[in-house]
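The values are calculated or read from the model by the stated rules, or taken from the named source; none is laboratory data. Here the structure is a predicted model, which means the values were calculated and not measured. Backbone-built Cβ (ideal geometry, glycine too); neighbour counts: all protein chains shown.
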Amino acid sequence: MVTAETAVVLPVLLLVLAAVVAAVVVVGAQLRCVDAAREGARAAARGEDAATVQAMVAQVAPEGAATAVAVGGGEVRVTVRAEVTPLGPVRLEVGVGATAVARLEPGVAG
């Protein structure tokens, strides 16, 4: 009797485990986007050029992330977006992204 119950429950447990692993991967990618956007906004607010900001963001962001830097109105806005495939070979893509805004430092031209 126990064997039949285990045979029924085991696939459900594997699906729950896969869902938990996928959630952890997506949340991790989201946090990397947040960190990358903040890092880029701080660098741009200090007056770093766009290429340097892009390079700094690329080091922190998930692989294949797209970055947009906009400066204007005394502030800088950095947006990082990425598509994450949390289950590897399963073609399920989840979009994650973050935007950070920072005021330009005194003496930095917009």
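Odds and ends about this structure:
- Residues of segment 26-56 that are buried (at least 19 other Cβ atoms within 10 Å of the Cβ) and closer than 25 Å to LEU92 by Cα: ALA29, ARG32, CYS33, ALA36, ALA37.
- Candidates are the residues of segment 39-80 that are of a type in the set (S, T, N, Q) and under 23 Å from GLY107 (Cα atoms); the one that is farthest from the chain's Cα centre (by Cα) is THR52.
- Residue selected from segment 49-102 under the condition part of a loop (DSSP other than H, G, I, E, B) and touching a Lys or Arg at 6+ places or on another chain (Cβ under 9 Å), by the criterion nearest to ALA29 (Cα to Cα): PRO62
- Taking segment 64-77 as the range and being without any contact (Cβ under 8 Å) to a residue 24 or more places away in the chain and farther than 16 Å from VAL34 by Cβ as the test, the residues that pass are GLY64, ALA70.
- Top-ranked residue of segment 60-72 - restricted to ones that are over 19 Å from GLU83 (Cβ atoms) and touching a helix residue (DSSP H, G or I) at 6+ places or on another chain (Cβ under 8 Å), ranked as modelled with the lowest pLDDT: VAL71
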